[in-house]
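For reference, the structure is listed below as structure tokens.
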Amino acid sequence: MDTDRPDSAGIPSEADPAGARPSAGEPLVRLEAVSRRFDGGRIVALDEVDLAIAAGEIVAVTGPSGCGKSTLLNLTAGLDEPSRGTVIFAGRRSPSPAQWTDIRAVRIGVSFQDFNLIPTLTAQENIEVAMFGRVAGAAERARRALRLLEDVGIAGCRTRLPQQLSGGERRRVAIARSLANAPDLLLVDEPTSNLDSASGRAVADMLLDLCRARAMAMVVVTHDRGLFERCDRHIEMLDGRILSDGRRPIGVAA
Amino acid sequence: MTHFTFLLRNLARRPGRSIFTILGVALAVAGFVLFYGLAEGMQQTARISLDERDVHLIVTKRGTVEFFSSVLPERLVEEIRRVPGVADATPELAGLMTLGDDHQALVAGWPPDSFEWRSMALAAGALPRPGMGEVLLGDLLAEGLGKGTGDEIELDWGKVRISGITRFTATLNRSMVVLPLADLQRMMVKPGQVTLIEVRLAAPADAAATETIRAAITGLRPNLAVAPAEDLLRQNKSLLTIRHAATALALLSLVVASLSVLNTMAMAVEERTREIGILAAIGWSRRRILVTIVAEGLILAGVGGTLGGGLGYAGSFALSEFVLPGSGISAAAILQIALAAGFAALVIGSLGALWPSWRAARLSPATALRRQ
């Protein structure tokens, strides 16, 4: 049965399958000594990483290709399981795959580097599909999807298929889809890659504005220096480890 | 967009494959309806034919491989008439004879005192007179041969005259040639012999009494088979073999349909592995993914089953009306089989889609997303 998301923002609830809702500043997700190895342990993608993301926090992660940034996002979203260590989301330690599904459905929005839109669905339908099982009624899903397309500035593209959209428009659709169920945490992989500088800047502006307007935490993996510096917290990675973790000095404009 | 629209979009992305799968299921279901209909038709035609003539029990020789090879002494009928609870009994000599050019028909001979003559309705003419070389033709057969009362036809080795046209409703009866028993015995060189004895009961609805009468008749002579009219063909070994073969072919058709859906859905899951990862990443539960793939299989099987049911219905109808008149099964019964086959297609479609959907639902989102 389709159900709307419970209106329990900020109120810890045992009944919420996606875990309790922390207030701003409290840890939303925590990684404790998390490692991820592939190929029987020969490839170390992430090595003993400790990280806590607070509610409402905007975190940029950068580093050379292959340093573990995308693996970090996958583990934070529960898309992959750590080889060692623990991921805690909203107080729930090492959620099961089914619990991660619930968490991703209502608490986490994921936007992939290569968009990952479904090619047979229009821009609006790509957003609606994320609401199946969460928002009752096709008309209501359509209304909310259109509103999200307006929020990301491409309502005029709603009936176009992904292949009929520009890279920037696809990125916006992917971001709108990740916002479909009003998540607490947005995980975004390289949102400005493959975009010209003007489009990249516009997408970065839009992301930061949306997160701040909704008090939504965001972890954004980026090579875009401009976007990196405009985030509240900066993490640099190298060889599966966190090399530096610092905050933007107070008074420096985003 | 509804979930159903989403399913249709998925199926429409490979229209050729979806259409061929639907056609595969349709042909399999149509085959099922035809084969099974044929098997049922033989049974039902005989049952309706005997029902119409108000025959309750049939006495034949036990263990006959082929129906017409049953041989009983004609005088046995007197002993059967004396069994308490038997209202009447009549002997019948039956066989297949050639009419004119390669046209085969069921020919039955009854004695002058048979209840069959008394309860028969004639569309035209009169009853055949013994020893006069006269026969009655079923209206369907007469129409097929283009013959009427007074015309002559060639029956195996000799010419006979049509004295009248019968008016039955069962297809088998409408295609039957009837003549006096003694005449047929002479033609078939079977003096004093009959194929079966038809029994009318005083209380046919009384199951316990019927069983007692069956036992009593069976005890009259060794090697007697006494069966309710509806079981007449069920006990015949050659027809039973045909029936089993037809049923096996019908079931094989359905297995092929199931494999067709399985193959299509397995390919779809293989091609859409990455998309399944996307759906898992945006919060789709394993159950929802599983239901989606199974539902796609169900749509293919449902459309194919409906189409196949319709094709099978039309095919069976055409077969009994135009190709093998008299072999047929009633339209209502074909419809029943077509509906059952359509339902079976739905079940096997979902079974065929289960394995691919189970595989899809088990995929780790990260693994699925890494696939190109």
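One table, with the values for the structure above:
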| read-out | value |
| --- | --- |
| Share antiparallel - DSSP beta bridges, the protein assembly as shown, percent rounded to 5 | 65 |
| Fraction of antiparallel bridges per DSSP, the range B:64-222 only, in percent to nearest 5 | 70 |
| Of all DSSP beta bridges in chain B, antiparallel share, percent nearest 5 | 75 |
| Stokes-Einstein D in µm²/s, Kirkwood radius over Cα pairs - the protein assembly as shown at 37 °C with 0.692 mPa s viscosity | 108 |
| Efficiency of FRET from Cβ geometry, residue B:259 and residue A:52, R₀ 41 Å, rounded to 0.05 | 0.20 |
| FRET efficiency for residue B:143 and residue B:96, using Cβ-Cβ distance with R0 set to 25 Å, rounded to 0.05 | 0.80 |
| If the convex hull is drawn through the Cα atoms of the range B:21-115, its volume per residue in Å³ | 171 |
| Net dipole in debye of chain B [+1 Lys, Arg Cβ; -1 Asp, Glu Cβ; about Cα centre; nearest 20] | 2280 |
| Cα-derived Rg over Rh, computed across the range B:64-222 with Rh taken as Kirkwood radius | 1.00 |
| Cβ-based charge dipole, the protein assembly as shown, positive-most Cα from B:277, A:49, B:320 | A:49 |
| Distance from the range A:189-210 to the range B:1-56 (C-alpha centre basis), Å | 55 |
| Cβ-based charge dipole, the protein assembly as shown, positive-most Cα from B:308, B:346, A:29 | A:29 |
| Lysine-lysine proximity count for the protein assembly as shown, Cα under 20 Å, sequence distance 8 or more or distinct chains | 4 |
| Extension gain from residue A:209 to residue A:93, taking 0.36 nm per residue of separation minus the Cα-Cα distance | 38.7 nm |
| Förster radius 56 Å - calculated FRET efficiency between residue A:33 and residue B:244, Cβ distance, rounded to 0.05 | 0.25 |
| Stokes-Einstein translational diffusion, the range A:159-254 - Kirkwood Rh over all Cα pairs, 1.002 mPa s, 20 °C, in µm²/s | 148 |
| Most fluctuating residue given options A:60, A:202, A:180, as computed from a GNM of chain A linking Cα atoms under 10 Å | A:202 |
| Cα-based shape type of the range A:120-194, given that a ≥ b ≥ c are square roots of the gyration tensor eigenvalues and the cut on a/c is 1.5 | oblate |
| Shielding by partners - mean other protein chain Cβ count within 10 Å, residues of A:119-127 | 3 |
| Cα point-scatterer Debye curve for the range A:28-132, base-10 log of I(q)/I(0) at q = 0.14, 0.17 Å⁻¹ | -0.63, -0.89 |
| Computed magnitude of the charge dipole of the protein assembly as shown (debye, nearest 20; Cβ of K, R +1, Cβ of D, E -1) | 1460 |
| Interchain or long-range residues, amide H under 5 Å from residue A:241's placed H | A:47 |
| Distance between modelled label sites at residue A:83 and residue B:267, nm, 7 Å Cα→Cβ extension | 3.9 |
| nm² value of the averaged projected area, convex hull over the Cα atoms of the range A:72-174 | 7.4 |
| Relative compactness, chain A, computed as alpha-carbon Rg over 2.2 N^0.38 Å | 0.98 |
| Cα centroid separation - the range B:340-372 against the range A:26-99, whole Å | 31 |
| Karplus-derived 3J(HN,Hα), 6.51/-1.76/1.60, for each residue of the range B:294-308, Hz, glycine and proline x | 4, 5, 4, x, 5, 5, 4, 5, x, 5, x, x, 5, 4, x |
| Point-to-point label distance, residue B:205-residue A:238, nm (Cα→Cβ direction, 7 Å offset) | 9.8 |
| Hydrodynamic radius (Kirkwood) for chain B, which is based on Cα pairs only, to one decimal in Å | 23.9 |
| Sequence-separation-based contact order of chain B, relative, with Cα cut under 8 Å and 6+ spacing, percent | 29 |
| Shielding by partners - mean other protein chain Cβ count within 10 Å, residues of B:1-8 | 5 |
| Only Lys, Arg (+1) and Asp, Glu (-1) charged, at Cβ; chain A dipole about Cα centre in debye | 260 |
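Bear in mind these aren't lab numbers, they're just calculated from the coordinates by the rules spelled out. Nothing here was measured: the structure is a model prediction, and the numbers come from that model. Cβ coordinates were reconstructed from backbone atoms using ideal geometry, including for glycine residues, and neighbour counts include every protein chain displayed.
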